[in-house]
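Chemist: The structure is given below, and queries will be raised subsequently.
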Amino acid sequence: MNNERNPIIERLHRQSLQQQEAFLDHIAHRLGRERITTPPARPFAGAPDFWRGFTLEAEERISLFLSNWESLGGVAKRVRSMDDARAYIADLTDRMQAKRLVCEEHPLLADLLPEGDKEREVTVWGGGDPAHLLKKAAEADIGVAVADFAIAYTGTLVLTSSPARGRSISLLPAVFIGIVRAADIRTKMGEVLSVIRTWDGGRMPAGIHFVTGPSRSADIENDLTIGVHGPGSVHALVVDEVDGR
Amino acid sequence: MSGHNPTSTLAERVRIALNNDFLRNAVRFTTERLRTNKQAAAEQIGNWEEWRERGRQIRLHTIAHLDYYLAQFAENLRRAGGYVHFASTAEEAVAITLQIMAAKQAKSVVKSKSMVSEEVHINQALEEQGIETVETDLGEYIIQLAGETPSHIIIPAIHKNKAQVAELFSEVAGEPLPADTAVLAAFARSKLRGKFLEADIGMTGCNFAIAESGSIVLFSNEGNARMVSTVPRTQITMMGMERILPSWEDLEVMATLLPRSATGQKLTVYMSAINGPRRTADGDGPDELHVIIIDNGRSRQLGDPEFQEVLNCIRCGACLNACPVYRHIGGHAYGWVYSGPIGAVLTPVLNEEKEKWAEVANASTLCGACYEACPVKIPLHDMLVYIRRRNVEEGRTKRTERLGMKTYKVAVSSHRFYQLALKLGRIGQKPLVRDGQIPTRLGPLKGWNNVRTAPALAERSFRESWQALERELQQEMAEMSPQVKARLEELAGKRGDRHEQ
């Protein structure tokens, strides 16, 4: 993204490279030693051992995720197939009288609404002008995306950004529907972090979002308020069998 | 504008806080709720002490190797296409920010919560340039409209009631809004939604920066930090230089400790890792990402065995909720950006005007509840003693206090002087004693007696009573069982031996 640098930014960048050395030298000096340039040994890193060994069976993971998501104020459903998931989405769209949807470009989400539905507009993310996509997401009533993972212990959906999966989908609409394959539910966060860390030779997605329930605030007199900036209504659909469409 | 650079003294600010009934009730209620939630969350996951110890180890290691991890972070973030800037002072951080604003010809900024940005007074600097700056965390938005500063790290506007919020929002809306939380929150949502979509720049703080990938990690519940890092074309992130973590696996530990300690949540609603600007084909996320790494007094703590550990802080606010002093006076009495025990330490050590901030370290009973609550085990109560000691050593105390201490030193350094002082005291106190108490608020007893009464000196000192007491003891010993008596005599014999040596 830095091909054509603004002259001010270019100057700041050069200045930063110089300042960095003085800044880091000063830190080393305060610590009373020379600069360290080789990776320090780490006798203690990451979670304690007892936690690393903690893992749940597949069925336990599914039910723990569902109950955590529900207790946060979200709606959690376990469905057998994507057909059932599509039926749930269509039904929710009807009940809400939603007019606009924005969804990730994903094989599982093709034909999201019944054919010939002229009443509703579905914007599929994936390519196109960012300003247009942003506008569509901001107008949408419902956003739909497929989560990379879910974390059972905290009741969390993990959504990485990509050209097909905008961050706005799970953020701007008032309602968000997150779909996760039952096989993608992990027991705890560490299992997800270690996988994402090594994706694509360490070139991670630009945004990795851990979503744990509906947007909330207690900033006014400790009153719990749902849906402050992000979606206030969040639906997690755990799909058992995925036909690979 | 109140706070951040007060001209009042600590005692004056405390008096104002103690006279504000709503504030005191709200602070008590909020801290009680957060503390109870934290306790439940710690019990829920179990092995809390092991988590704390691991958190402490990770933070200690990181700070001890800070130059290495900052260099690694900068290299990786640049590789991901982001810009890194280094600011030694608040002024440098502001100057860098304003240059980025100029390069982008920015007219408006949306901000998510950042304590370090409050340290450098960035809002003021931006407003002076005519750049509209909007705080988007609901609590921060409220106090920005009121022209005030946060009274709690996690819940900045606990000192405002619904009616006051309704008044502030009504002014913005241009129509009266009811004092109803749902209505007020909905108004803020729609108002701020417009600001997000129009803003040229999004500014965020940084909960953690991960060295091994050049990522910044933001925790939020409302989603405003996500908005700020998703919608505007340019993102500027301010981070205190100590916010770093070596690796992703360390994040799991902090993600366990921070939300549980702050609000008792298993995880905040959103935890977002930002790895550089958006990828070329991505449909959203910032085109340009700038991270400003700020020192502003932090490096002075490095290499200082008494204070280096204060850089381990993860800004959860648990020490505020545990502190008996904070629970009575709330955040504004501390005078600067940070409040509670962590504020009582950070304020005098990060600021260069030692004279001005010396007394903040007195806002503590040294009970150690802050240390017990701290998820990374920072010995804040010890640090408060060190600050007080330095204040004495460097002459930052009142003249009367110094005089009093000198007198005391003379009186207690010789038995004869001490006896004499007691005698004089017993005579001198006679006109002042009422029912064994000295209630007067005059002279040197004013400070103490304003909120309690001093006990009168006893008729006879313990030493003078000793002969009678010893006789009583011997009489009682006669009734003791032979074994106990033998044991006591044996002990007394040993003690006698030592005295003779």
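Chemist: If we scan the range A:193-212, do we find a residue that is more than 7 Å from chain B (Cβ to nearest Cβ), under 16 Å from the mean Cα position of the chain (by Cα), aromatic (Phe, Trp, Tyr) and surrounded by fewer than 22 Cβ atoms within 10 Å (Cβ to Cβ)?
Modeler: Within the range A:193-212, one or more residues are more than 7 Å from chain B (Cβ to nearest Cβ), under 16 Å from the mean Cα position of the chain (by Cα), aromatic (Phe, Trp, Tyr) and surrounded by fewer than 22 Cβ atoms within 10 Å (Cβ to Cβ).
Chemist: Is it true that B:Val392 is surrounded by fewer than 17 Cβ atoms within 10 Å (Cβ to Cβ) and either of a type in the set (A, V, I, L, M, F, W, C) or assigned to a helix (DSSP H, G or I) (or both)? Explain how you work it out, then say what you get.
Modeler: Numbers: surrounded by fewer than 17 Cβ atoms within 10 Å (Cβ to Cβ): yes; either of a type in the set (A, V, I, L, M, F, W, C) or assigned to a helix (DSSP H, G or I) (or both): yes.
Yes: the conditions hold for B:Val392.
Chemist: For the structure I just gave you, tell me whether A:Ala87 is closer than 30 Å to B:Pro286 by Cβ, of a type in the set (A, V, I, L, M) and either in contact with a Pro (Cβ under 6 Å, 6 or more places away or on another chain) or assigned to a helix (DSSP H, G or I) (or both). Explain how you work it out, then say what you get.
Modeler: Working: closer than 30 Å to B:Pro286 by Cβ: no; of a type in the set (A, V, I, L, M): yes; either in contact with a Pro (Cβ under 6 Å, 6 or more places away or on another chain) or assigned to a helix (DSSP H, G or I) (or both): yes.
When the stated conditions are applied, A:Ala87 does not pass them.
Chemist: Looking at B:Thr237, is it touching a Cys at 6+ places or on another chain (Cβ under 8 Å) and closer than 29 Å to B:Phe196 by Cβ?
Modeler: Numbers: touching a Cys at 6+ places or on another chain (Cβ under 8 Å): yes; closer than 29 Å to B:Phe196 by Cβ: yes.
When the stated conditions are applied, B:Thr237 passes them.
Chemist: From the list A:Ala98, A:Ala28, which residue is facing chain B (nearest Cβ under 8 Å) and surrounded by 13 or more Cβ atoms within 10 Å (Cβ to Cβ)?
Modeler: When all the criteria are applied, what remains is A:Ala28.
Chemist: Would you point out which residue out of B:Ala262, B:Ala255 is more than 11 Å from every other protein chain (Cβ to nearest Cβ) and surrounded by 24 or more Cβ atoms within 10 Å (Cβ to Cβ)?
Modeler: Working: B:Ala255 fails: more than 11 Å from every other protein chain (Cβ to nearest Cβ).
Result of the check over B:Ala262, B:Ala255: B:Ala262.
Let's see how each residue does on (1) in contact with a Gly (Cβ under 7 Å, 6 or more places away or on another chain); (2) more than 30 Å from B:Pro232 (Cβ to Cβ); (3) surrounded by 13 or more Cβ atoms within 10 Å (Cβ to Cβ); (4) touching a residue at least 24 places away in the same chain (Cβ under 8 Å):
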residue	(1), (2), (3), (4)
A:Ala22	no, yes, no, no
A:Thr38	no, yes, no, no
A:Phe44	no, yes, yes, no
A:Asn68	yes, yes, yes, yes
A:Asp117	no, yes, no, no
A:Val124	no, no, yes, no
A:Gly127	no, no, no, yes
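Chemist: Can you tell me which residue within the range B:24-65, out of those that are away from chain A (no Cβ under 12 Å) and among the hydrophobic types (A, V, I, L, M, F, W, C), is surrounded by the fewest Cβ atoms within 10 Å (Cβ to Cβ)? Show your work before the answer.
Modeler: Step one: list which residues in the range B:24-65 are away from chain A (no Cβ under 12 Å), which gives B:24, B:35-36, B:38-40, B:42-43.
Of the ones still in play, those that are also among the hydrophobic types (A, V, I, L, M, F, W, C) are B:40, B:42.
Values: B:Ala40: 11, B:Ala42: 22.
Ranking the qualifying residues of the range B:24-65, first place goes to B:Ala40.
Yes/no per residue for (1) of a type outside the set (A, V, I, L, M, F, W, C); (2) facing chain A (nearest Cβ under 9 Å); (3) buried (at least 22 other Cβ atoms within 10 Å of the Cβ):
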| site | (1), (2), (3) |
| --- | --- |
| B:Arg243 | yes, no, yes |
| B:Met271 | no, yes, yes |
| B:Asp287 | yes, yes, no |
| B:Ile292 | no, no, yes |
| B:Gly317 | yes, no, yes |
| B:His328 | yes, no, no |
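Chemist: Can you work out which of the residues in the range B:62-97 that are of a type in the set (A, V, I, L, M) and either in a strand (DSSP E or B) or not assigned by TED's automatic domain parsing to the domain that holds B:Ile294 (or both) is farthest from B:Met241 (Cα to Cα)?
Modeler: So the first thing to find is which residues in the range B:62-97 are of a type in the set (A, V, I, L, M), and the list is B:63-64, B:66, B:70-71, B:74, B:77, B:80, B:84, B:87, B:90, B:93-96.
Restricting the remaining residues to those that are either in a strand (DSSP E or B) or not assigned by TED's automatic domain parsing to the domain that holds B:Ile294 (or both) gives B:84, B:87.
Details: B:Val84: 12, B:Ala87: 9 Å.
Per the criteria, the residue is B:Val84.
Chemist: For the structure I just gave you, tell me whether A:Ile220 is within 16 Å of the chain's Cα centre (by Cα) and either within 9 Å of chain B (Cβ to nearest Cβ) or in a strand (DSSP E or B) (or both).
Modeler: Working: within 16 Å of the chain's Cα centre (by Cα): no; either within 9 Å of chain B (Cβ to nearest Cβ) or in a strand (DSSP E or B) (or both): yes.
Against the criterion (within 16 Å of the chain's Cα centre (by Cα) and either within 9 Å of chain B (Cβ to nearest Cβ) or in a strand (DSSP E or B) (or both)), A:Ile220 does not qualify.
Chemist: Just to be sure, is B:Gly276 away from chain A (no Cβ under 11 Å) and crowded, with 24+ Cβ neighbours inside 10 Å? Don't jump to the end; show me each part of the working.
Modeler: Details: away from chain A (no Cβ under 11 Å): no; crowded, with 24+ Cβ neighbours inside 10 Å: yes.
So B:Gly276 does not fit the description; no.
Chemist: Do we have B:Val345 as farther than 30 Å from A:Pro214 by Cα, surrounded by fewer than 24 Cβ atoms within 10 Å (Cβ to Cβ), away from chain A (no Cβ under 14 Å) and in contact with a helix residue (DSSP H, G or I) (Cβ under 9 Å, 6 or more places away or on another chain) here? Explain how you work it out, then say what you get.
Modeler: On the way: farther than 30 Å from A:Pro214 by Cα: yes; surrounded by fewer than 24 Cβ atoms within 10 Å (Cβ to Cβ): no; away from chain A (no Cβ under 14 Å): yes; in contact with a helix residue (DSSP H, G or I) (Cβ under 9 Å, 6 or more places away or on another chain): yes.
Here the answer is no, as B:Val345 does not meet what is asked.
Chemist: Okay, next question. Is there any pair linking a residue in the range B:320-342 that is farther than 20 Å from B:Val310 by Cα to one that is among the acidic types (Asp, Glu) and in a loop (DSSP other than H, G, I, E, B), with Cβ under 9 Å and at least six apart or on different chains, and which?
Modeler: These pairs meet every condition: B:His332/B:Glu148.
Chemist: Are there strands (runs of 3 or more DSSP E) fully within the range A:112-197 with at least 2 residues that are at pLDDT below 95? List them. Before the answer, list the steps.
Modeler: On the way: elements: A:121-124, A:142-146, A:149-151, A:156-160, A:175-181.
In the range A:112-197, A:121-124 are the strands (runs of 3 or more DSSP E) which contain 2 or more residues that are at pLDDT below 95.
Chemist: Does B:Leu384 satisfy the criteria of being closer than 30 Å to B:Ala318 by Cβ, of a type in the set (A, V, I, L, M) and outside any loop (DSSP other than H, G, I, E, B)? Step through it out loud before you land on a result.
Modeler: On the way: closer than 30 Å to B:Ala318 by Cβ: yes; of a type in the set (A, V, I, L, M): yes; outside any loop (DSSP other than H, G, I, E, B): yes.
When the stated conditions are applied, B:Leu384 passes them.
The values are calculated or read from the model by the stated rules, or taken from the named source; none is laboratory data. Bear in mind that the values here come from a model prediction, so they are computed numbers and not experimental data. Note: ideal-geometry Cβ built from the backbone for every residue, glycine included; neighbour counts use all protein chains shown.
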